[in-house]
Each structure stands twice: as C-alpha cells, then as structure tokens.
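Single-structure report; data block below.
The values are calculated or read from the model by the stated rules, or taken from the named source; none is laboratory data. All values reported here derive from a predicted model rather than from experimental measurement. Ideal geometry is used to build each Cβ from the backbone, glycine not excepted, and the neighbour counts take in all protein chains shown.
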Amino acid sequence: MKDVRRLPSPLFVSAGICILFLAGGALGQKDREKTPPAAGTPPLVTSNLHTIFPNATIKRTDAIERNGVVFYRLGIIDGGKKREVVFSTGGVIEEVNDSVGVADLPGPVRQALSRNYPRANIIEADKKTTGAGYVYTIEAVAEKDTMYVIIDKTSMIISSKRCAKKGRTEKNTGLAQN
C-alpha cells in the first residue's frame with residue numbers, strides 16, 4: 001500500500017500564519033512600548049528603569065555627556081506624568097526631573113519668581129531631584145526674553161539666565177503683574 005500523507009490545505013496554513021502573526025504583534029506590543037528607541041542603551045539601564053517605574057512607557061532615549069562621562073537620559077510617561085530620568089552607564093539613577101504644573105509649584109517658589117521677575121509668565125516647570133536634594137527649574141517669558149530660573153528648596157534663586165525669546169507660546173499663569 002502506498003504511503004499517502006495529507007498536507008494541510010493552503011487556507012488552513014495561511015490562517016495559522018495570520019493568527020501567529022497577530023498574536024505575536026499583540027503580545028509584543030507592550031514590550032515594544034518599553035523598549036528604548038535609541039540603540040546602545042545598556043540593558044541594565046532599561047531593566048532598572050522598569051524596576052523603579054514598572055508602569056513607565058519610554059518615549060525617548062539619548063546619550064548625554066557631562067564632564068567626559070556618558071549618561072543615558074530617558075523621557076518617560078509614568079502614571080500619566082512626564083518624567084525625565086538620567087542614569088549612569090551602570091544603571092544608577094543620577095537625577096529625576098518631574099514635570100510640575102504651575103498650580104502645583106509651592107507658594108514660596110512662585111513668590112520668589114514673582115518678587116524677582118514681576119512680569120514673568122511661567123511656560124514650564126520641573127522638579128529636579130538628585131542625591132543632593134531637589135531644585136525647581138522654571139522656564140518663563142517676560143517681554144522679549146525667555147528666562148531659565150533655578151530655585152532651591154528654600155525658595156532662593158540660585159541661578160537665572162535670560163535668552164532671546166524662542167517663539168514659545170506664553171501662558172497666563174497669574175504671576176504677571178500689569
């Protein structure tokens with residue numbers, strides 16, 4: 001008797017391939033969201049990020065250099081909040097920058113800014129946390145200038161820089177006095 005083996009029909013094979021393709025795409029979607037877009041980011045950096053911020057979605061990654069040392073800066077969304085996390089090549093967090101709404105800035109920080117820059121309108125504010133503590137970095141516009149102001153946790157201005165306006169849209173924060 002002749003040995004006849006039946007091969008699956010082409011339709012069955014095509015359907016199986018489609019199911020595997022779709023399932024693989026759906027299963028891998030969460031992993032793709034957490035994979036940094038920049039090549040060369042050490043796996044330890046990504047692994048530690050997801051250990052500390054398990055629900056974070058990486059939006060961007062880039063390598064930066066400070067005093068000849070390479071660090072990795074990851075822009076993430078964590079619980080609906082924008083953060084920027086800077087890691088050493090060994091996966092240690094060096095700093096975390098949390099986006100802060102104007103209304104969420106402590107009153108003494110807003111008062112320090114309005115006292116020293118009465119016409120300033122805040123465009124963006126971050127709370128930068130390092131091993132040494134934290135500071136608020138504020139981008140504001142006043143008349144024809146963009147200002148970058150750093151205010152420490154005691155509400156003292158420790159640094160400020162004025163630049164030509166970058167074309168950002170001014171937001172009325174209620175700090176401007178007309």
Query raised in the report: Condition test on residue 110, is it closer than 25 Å to residue 147 by Cβ, modelled with pLDDT of 90 or more, over 18 Å from the mean Cα position of the chain (by Cα) and charged (D, E, K, R)?
Result: yes
Query - Lone unmet requirement of (1) outside the structural domain of residue 41 (by TED's automatic domain parsing); (2) touching a residue at least 40 places away in the same chain (Cβ under 8 Å) for residue 90 - result: (1)
Query raised in the report: Quick check, is residue 170 surrounded by fewer than 17 Cβ atoms within 10 Å (Cβ to Cβ), assigned by TED's automatic domain parsing to the domain that holds residue 119 and at pLDDT below 85?
Result: no
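Would it be correct to say that residue 63 is at pLDDT below 85 and either among the hydrophobic types (A, V, I, L, M, F, W, C) or in contact with a Phe, Trp or Tyr (Cβ under 6 Å, 6 or more places away or on another chain) (or both)?
It is false that residue 63 is at pLDDT below 85 and either among the hydrophobic types (A, V, I, L, M, F, W, C) or in contact with a Phe, Trp or Tyr (Cβ under 6 Å, 6 or more places away or on another chain) (or both).
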Query raised in the report: residue 114 versus (1) outside any strand (DSSP E or B); (2) of a type in the set (Ser, Thr, Tyr); (3) exposed (fewer than 15 other Cβ atoms within 10 Å of the Cβ): which is the lone unmet condition?
Result: (3)
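Conditions tested, residue by residue: (1) touching a residue at least 12 places away in the same chain (Cβ under 8 Å); (2) surrounded by 17 or more Cβ atoms within 10 Å (Cβ to Cβ).
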site: 67; (1), (2): no, no
site: 70; (1), (2): yes, no
site: 73; (1), (2): yes, yes
site: 85; (1), (2): yes, yes
site: 100; (1), (2): yes, yes
Report task. Within the range 38-65, work out how many residues are part of a strand (DSSP E or B), surrounded by fewer than 17 Cβ atoms within 10 Å (Cβ to Cβ) and touching a strand residue (DSSP E or B) at 6+ places or on another chain (Cβ under 6 Å). Result -> 6
